[in-house]
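Each remark here refers to the structure printed beneath this line.
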Amino acid sequence: MKMLSMTFLSLALGMSAAQAQTTFSIGPRLGGNLNMATYTGIDQISANSPDYSYSRSSSVGYQVGVMASLNSGHLAFQPSLILSSKGLKQKASSTDDLMGTPLVATAVFTTRVNYLELPLNVVYSVGDDGQGLQLFAGPYLAFGVGGQADYSVNASIGGQSILSENGGKGYEFGDVFVESDPNGTSMAAVTFDARTRRFDAGLNVGVGYRVGPVQAQLGYGLGLLNAQPNYPASSATTTYPDNTTGYNRSVQLSVAYLFLGGGR
């Protein structure tokens, strides 16, 4: 009986040790973003002005970086460091009456902001070895490192074109938009400031699946920090709109290949 008890005890201790085994793996992470953003102030202006229309649509961005995974049974902690591209496409149109002749102006902006992003996800796997179906959630921190904004501006009077301009500007970072240059030669370039706040942070949630070293995840990124800079203070000669807010939103699909680094 004593020998039998010792045998069961040894088996139990062995199973506990196996269940508590922690493994570390690391590898490349690649993927894409389907990006969007919310701009509550601009939506309100558009809704309340019959002569002004505004719309936005999603844009596709990329993810490239590295992921680490610290696994213990069903749970894993998975931090990543990725270069992530976010942005959207916006279109604004206005109609005015110029001495009985319609004046129509349309501007289309396609923006892409690059962030160095740090997602910190906690993952639960159905398999007790970290394999199979997964659920994950966690915060992310992001730091803006560049980007590009392309624009197309057109205006016409009575159906006759008076302005057609296309161009692009590199993204700047700051908490306040820069005022227009009254001596500028480009009508669109001097009135369009490609600028956003430097820092972003939020939450990621989603599902995934892991087979061996390959892990695929589909998630949703919910930005919680206002990305929209404030407008400059109005003066006797220039009136700026009220400040608005904008928050990043993205659907993310990524694949990682995790090389086993060790365990204990």
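Can you sort M36, M67, M99 by how many other beta carbons sit within 10 Å, fewest first?
M99, M36, M67
Could you name the aspartates and glutamates in cross-link range of K89, using Cα to Cα under 13 Å and dropping any fewer than eight places away on the same chain?
D150
Using Cβ contacts closer than 10 Å as the measure, can you line up Y151, Y231 from fewest to most?
Ranked by crowding around the Cβ, least crowded first: Y231, Y151.
Which value in nm describes the separation of the simple spin-label points at V255 and R198, placed 7 Å from the Cα toward the beta carbon?
Here the modelled spin labels are 3.7 nm apart.
Round to the nearest 0.05 the FRET efficiency obtained for Y240 and L34 when R0 = 35 Å and r is the Cβ-Cβ distance.
Plugging the Cβ-Cβ distance into 1/(1 + (r/R0)^6) gives 0.65.
Only the coordinates and a few stated rules stand behind these numbers; no lab work does. Just so we're clear, the structure is a prediction, and the values are computed from it rather than from any experiment. So basically every Cβ, Gly included, is an ideal-geometry build from the backbone, and we count neighbours across all protein chains shown.
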